[in-house]
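As structure tokens, the structure follows; a few thoughts come after it.
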Amino acid sequence: MNITLIGTGYVGLVSGIMMSYLGHNVICLDKDRVKIDKLNKAILPIYEPHLDQYLTESLKQEKIKFTYDYDEASKNVDAVFVTVGTPSKLSGEANLEYVYTAIDEISRYLNKNCLLIIKSTVPPTSCDKIISYLAEKNIFSLVAANPEFLREGNAIEDFLNPDRIVIGVSNEESSKILKKIYAPLLKKNIPLLITNLVTAELIKYASNSFLATKIAYINEMANLCEKTGANIHDLSYGMGLDKRIGDKFLKTGPGFGGSCFPKDILALNKIVKDYEANCLILEAVINSNEKRPFDIVNKISFILGEDLQNKNIAILGLTYKAGTDDIRSSPAIMIIKILLSKGANIRASDPLGIIHANEHLEDKNLLYFDSTVEACNGADAVIIATEWPEFTKLNWEKIYTKVKLPIIIDLRNILNARLIKEIGFEYYNIGTKIR
Ligand code: UDX
């Protein structure tokens, strides 16, 4: 099939490249010419393991093209995916400006044989509104919703073997086209849910908000473990063994971040309010996660002594999770900002996140280091903020000789406490009583 994707952000690129791998003829369109020129030379603007190999192969096979020209992107097209961003407005509401700009641009090429598929995360009833919007312009294209559930760092596996494919449609023709697009995956018996437009739109928000709730819940339980002396690892394991609960998304940490969870839960909360449908849980989860970096800094202050002025703090990890270079809504960045506001000197390191962090956050008291060991030099405390496996393999004996005070605060519970203590460090993690 001939498929066009508008927007070469994370979702558009992964989806486009992987659809070309499934055998479709794909054109990815973006208004950013520099990005497009680079993509045509197989240079990716994002980090996603192995995606470059898929891109190189598809370019070689001429299954994918990148363009900023709508004319070129719209010739004989069977399906157009909208994959632009829907960032939060100040109110929390999703901003659909880019979605409508894309629709305006492509609308003159649409017809009743072409399916317009909204993959961007949009609030319930958006697709119905898009259908009316197009109808006002006398355009009667088919419109479908097809939310994505790709995780950064795991996106290729998530695309090829998703837990489910969700499609929202208002007629049989639309589902036929989507089934054709996903045929190679459906052959593998990947569950397909065909529902109406508004339900598909809401499934995305409800899923992400539920996962965010699980994380906020386990983080609150970790706080309780710190007070009662219960063991968070065993608590989480014991809960997860119950198949009704499941063992996923029960890892405690510095809070959830990334480009989806914080934005989607805010948007769902706004939707709930707009519909005057009570959902007290969402507000609690938002508050819990927003408060989390402050709780973490309080913990650091408690361990180091109230005054953080001029304390040298090494922060290992800047990205919101391991396996990505993305620092959007990263708890590590929020923790750094709070520590800086309290007068601490920060020495930060990350395997992939330094470039983005540097663009986003500059301060005279903040230094970035490519070498993790160097970041720990003279530190009053070493904080592990992201669960990079590299950090478990560091030469901690060497780091012990470099730090000013041998204190490690492991916000991801990834280090072996016994081994670290044997070296001579004081070791603190999340969910363990301090003293
Ligand atoms: C998420 C959704 O999982 C995906 O389906 C959606 O399409 C986009 O948003 P992603 O942002 O890539 O994907 O990250 P994910 O792995 O889900 O983690 C989100 C946040 O939760 C991270 O900050 C992570 O550190 C945190 N997390 C996750 C925990 O704190 N504990 C856990 O047990 C799991």
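What follows draws every value from the coordinates through simple rules; no lab data is involved. Being a predicted model, the structure only gives us computed values, none of them experimental. Using ideal geometry, Cβ is built from the backbone for each residue, glycine included, and neighbour counts are taken over all protein chains shown.
Which pairs in the list Lys38/Lys337; Lys179/Lys204; Lys214/Lys342; Lys273/Lys337; Lys251/Lys421 are over 26 Å apart, alpha-carbon to alpha-carbon? Beyond 26 Å: Lys38/Lys337; Lys214/Lys342; Lys273/Lys337. With K and R counted +1 and D and E -1, the other residues having a Cβ less than 11 Å from that of Thr372 yield a net charge of 0. Both radii were evaluated on the Cα set of segment 289-376; the Rg over Rh quotient, with Rh as the Kirkwood radius, amounts to 0.94.
The order of Thr392, Thr319, going from fewest to most other C-beta atoms within 10 Å of their C-beta, is Thr392, Thr319. Of the residues Ile46, Asn25, Ile313, the one whose Cα sits farthest toward the positive end of the charge dipole of the chain, with +1 on the Cβ of Lys and Arg and -1 on the Cβ of Asp and Glu, is Ile313. Shown here: segment 1-150, whose C-alpha atoms stretch 41, 37, 26 Å along the first, second and third principal axes, sorted largest to smallest. Distance between the pseudo-spin-label points of Glu97 and Lys38 (7 Å out from Cα toward the beta carbon): 2.3 nm. A simple count of charges around Gly343, restricted to other residues whose Cβ falls under 13 Å of its Cβ and scoring Lys, Arg +1 and Asp, Glu -1, yields 0. The residue among Pro123, Leu304, Asn111 whose Cα reaches farthest toward the positive pole of the charge dipole of the chain, with charges on the beta-carbon of Lys, Arg, Asp and Glu, is Leu304. Think of each Lys and Arg Cβ as +1 and each Asp and Glu Cβ as -1; about the Cα centre, that makes the dipole of segment 49-208 roughly 460 debye.
For the options Arg412, Arg292, Arg244, a Gaussian network treatment of the chain with springs between C-alpha atoms closer than 10 Å singles out Arg244 as fluctuating the most. Distance between the pseudo-spin-label points of Cys279 and Asp247 (7 Å out from Cα toward the beta carbon): 3.0 nm. log10 I(q)/I(0), Debye, Cα-only the chain, no solvent, q = 0.08, 0.10, 0.12, 0.14 Å⁻¹? The computed values of log10 I(q)/I(0) come out as -0.51, -0.77, -1.04, -1.28.
Near Ile409, once Lys and Arg are set to +1 and Asp and Glu to -1 for all other residues with Cβ below 13 Å from its Cβ, the sum equals -2.
Here, segment 294-435 has an Rg and a Dmax of 13.6, 39 Å when only alpha carbons are counted. Each of Cys279, Cys127, Cys376 was scored by other Cβ atoms within 10 Å of its Cβ. Listed from fewest to most, they are Cys279, Cys127, Cys376. For the chain, leaving out every one of the GluC sites (Glu not before Pro) that falls in a DSSP loop and has at most 11 other Cβ atoms within 10 Å, the longest unbroken run is 63-275. The trypsin sites (Lys or Arg not before Pro) of segment 283-370 meeting both criteria, a DSSP state outside H, G, I, E and B (loop) and at most 16 other C-beta atoms within 10 angstrom of the site's C-beta, are Lys342, Lys364. Ordering Ser236, His356, Leu193 by Cα displacement along the dipole of the chain toward the positive end leaves Ser236 in first place; charges were set at the Cβ atoms of Lys, Arg (+1) and Asp, Glu (-1). Each of Asp71, Asp274, Asp78 has some number of other Cβ atoms within 10 Å of its Cβ, and from fewest to most they run Asp71, Asp274, Asp78. Under a 5 Å amide H cut-off, with hydrogens placed 1.01 Å from N, Ile117 pairs with Val80, Phe81, Val82, Ala144 among residues at least 5 apart or on other chains. With the helix formula -39500 (n - 2.57) applied to DSSP H stretches of n ≥ 4, the chain reaches a computed 222 nm mean residue ellipticity of -13500 deg cm²/dmol.
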